[in-house]
Structures are given as structure tokens and as C-alpha cells.
Amino acid sequence: ELKPMIHYVPASIENVTQVAAYVNDKENEEEMKGIVASAQSFCKSKMTEGGMTKDAMAQLKKYEASLNEYMKYSTDSEPMTRLIPDGVVNDLVECR
């Protein structure tokens, strides 16, 4: 959802000096103000309690799917099961 030069200015270790110079150049001030405004608008609309909760649940579901896939091909589940305290799995429910 975030787009370069709309919500942020992309940079890498190879070009960070040039990007910093571009961002701080007075000729680009209006463009930078627009990027900041777009980033703030994105945050206000997406970084709500409900939005972050939904995103966290989506990430946990992906993690669960990865663990399930791992367990399909693993011959030794003991290392994984030792990490889960007794009774915890039965207490996990989706937030509603």
C-alpha cells in the first residue's frame, strides 16, 4: 500500500547521501511537503487500533500456516512442542 515518492522517499546505503541532498534541497520543498502529508494521511487511516489488530491477526495466521507446513515435513516435532507451555494451545482464540 505504501508507495515510493508518494508516502516515503526510498534510499539505500549506496545512495543515501544523494537522497538526503535531494530531500533537503529547497527546490524540492513542496514535493517533500506533499510526501509528508501523504504519509501522515496514510498513518491516520491505517494505523488505527482496529487496523493494527487486523494486520497482527493476518501476520499470526501466516506464521501459523508456516508452522503447520513445517510440521508436515518434520520428523521430529519434539523441539517445537517443548516451546509451547501446557494448555496454551487450547486457550488461543481469534480476537473478535
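The values are calculated or read from the model by the stated rules, or taken from the named source; none is laboratory data. Given the structure is predicted, the values throughout are model-derived calculations rather than measurements. Reconstructed Cβ throughout: ideal geometry from the backbone, glycine too, with neighbour counts over all protein chains shown. Note: areas computed on protein heavy atoms with side chains; ligands, DNA, RNA excluded. Shrake-Rupley method; radii C 1.70, N 1.55, O 1.52, S 1.80 Å.
So S45 clears everything in (1) at pLDDT below 90; (2) surrounded by 11 or more Cβ atoms within 10 Å (Cβ to Cβ); (3) polar (S, T, N, Q) except one condition, right? Which one?
(2)
Do you know which residues across the range 68-77 are open to solvent by 100 Å² or more (accessible area, probe 1.4 Å) and not in a helix (DSSP H, G or I)?
Within the range 68-77, just T75 meets the criteria.
Taking the condition of being at pLDDT 80 or above and among the hydrophobic types (A, V, I, L, M, F, W, C), how many residues in the range 48-87 meet it?
Residues that pass the stated criteria total 7.
Test each condition in (1) in contact with a Pro (Cβ under 7 Å, 6 or more places away or on another chain); (2) modelled with pLDDT under 95; (3) not β-branched (V, I, T) for P10 and report the one that comes out false.
(2)
Results for (1) in a loop (DSSP other than H, G, I, E, B); (2) surrounded by 12 or more Cβ atoms within 10 Å (Cβ to Cβ); (3) touching a residue at least 60 places away in the same chain (Cβ under 8 Å); (4) of a type outside the set (V, I, T), shown as yes or no for each residue.
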{"residue": "L2", "(1), (2), (3), (4)": "yes, no, no, yes"}
{"residue": "S12", "(1), (2), (3), (4)": "yes, no, no, yes"}
{"residue": "V23", "(1), (2), (3), (4)": "no, yes, no, no"}
{"residue": "E31", "(1), (2), (3), (4)": "no, yes, no, yes"}
{"residue": "Q40", "(1), (2), (3), (4)": "no, no, no, yes"}
{"residue": "M52", "(1), (2), (3), (4)": "no, no, no, yes"}
{"residue": "L60", "(1), (2), (3), (4)": "no, yes, no, yes"}
{"residue": "S66", "(1), (2), (3), (4)": "no, no, no, yes"}
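Please state which of the following conditions N90 fails to meet, knowing it meets all the rest: (1) at pLDDT below 95; (2) surrounded by fewer than 10 Cβ atoms within 10 Å (Cβ to Cβ); (3) in a loop (DSSP other than H, G, I, E, B).
In the conditions (1) at pLDDT below 95; (2) surrounded by fewer than 10 Cβ atoms within 10 Å (Cβ to Cβ); (3) in a loop (DSSP other than H, G, I, E, B), N90 misses (3) alone.
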